[in-house]
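Let me begin by presenting the structure, written as C-alpha cells, before commenting on it.
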Amino acid sequence: MDLDKLSHRFEKLSVTARLQDTAYFMRSDEATRIQLVRAVLERLDPGVYLAGAGPYTQGVYSLMTDEVVIGRLATVLESPLGQAVDVFVNDAATLTPREVSRVHCAIYRHDGVSQHDYWLIDRGSTCGTFLNGEKLEPPQSKDESEELRVSRALAHGDVISLGASLVNTFLFLDLRG
C-alpha cells in the first residue's frame, strides 16, 4: 500500500477513534463521572498530586520529589534531547506534537516557604504554560533569582494548561490536610 493511502487510512482511523472516545465518555452522565472522580480522590494518600483532566494528560501523578518535569517524548521527526521528563503528555494526534514541548514546564518545591512550597515554571515551551488562564513568562536565564521571579506559587485547585487551548490540563491537588 502506498504512503498516500496509508496516510488517508491513518487519518480516518484517528478521527473515528477520537469520535468514539468522546461518545464513550459522554454516555455516562455528569453526576456519574463526578462520583467516579470523587472515589479516586478519596483513595489518595495525603500528599500533593497532579490530576490530568485532558485527553492526553489523564492520570494522577504524585509530586513527592523536589522537581517534576512535564513534557513529551521526541517524535520520529525529532532527535531526543537527552533530558529527563517525569510526566509524559502525548498530544501527537497526527504523530506530530501540537502544543506540548519536550521539556515544557516543571513543578518544584522551594525550601523555606511555608504557605506556598510548590511552584510552577515554564521551561521555554513553544506554546506556553498557563496557570489559571494566565500565561507564565519563561526565564531569560538559569539564574536562581530569575527563575524565582517568573515562577508562580501553586495552591490547591489551581489549573495548569500546557498551551492555550485547555486540551492538555492538570488540576493541582494539595491533600496534605
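Here is the figure for segment 155-167: residues that are at pLDDT below 95 and surrounded by 23 or more Cβ atoms within 10 Å (Cβ to Cβ) total 0. Filtered by the rule that a residue be acidic (Asp, Glu) and touching a Leu at 6+ places or on another chain (Cβ under 9 Å), segment 120-177 gives Asp122, Asp158, Asp174. Of everything in segment 78-137, what is surrounded by fewer than 18 Cβ atoms within 10 Å (Cβ to Cβ), of a type outside the set (A, V, I, L, M, F, W, C) and on the phi > 0 side of the Ramachandran plot? Give them in sequence order. Matches in segment 78-137: Gly82, Gly112, Gly124, Asn132, Gly133. Here Tyr56 passes the criteria (1) among the aromatic types (Phe, Trp, Tyr); (2) in a loop (DSSP other than H, G, I, E, B); (3) under 21 Å from Ala155 (Cβ atoms) except the one numbered (3).
Considering each residue of segment 62-84 in turn, none proves to be in contact (Cβ under 8 Å) with a residue 60 or more places away in the chain and among the hydroxyl-bearing types (Ser, Thr, Tyr). Scanning segment 1-58 for residues that are under 22 Å from Ile160 (Cβ atoms) and of a type in the set (Ser, Thr, Tyr) yields Tyr49, Tyr56, Thr57. The set of residues in segment 20-47 that are in contact (Cβ under 8 Å) with a residue 60 or more places away in the chain and either surrounded by 10 or more Cβ atoms within 10 Å (Cβ to Cβ) or in a helix (DSSP H, G or I) (or both) comprises Leu41, Leu44, Gly47.
The values are calculated or read from the model by the stated rules, or taken from the named source; none is laboratory data. Note that the structure is predicted; figures quoted are calculated from it, not measured. Heads up, the Cβs are rebuilt from the backbone with ideal geometry, glycines too, and the neighbour counts pull from every protein chain shown.
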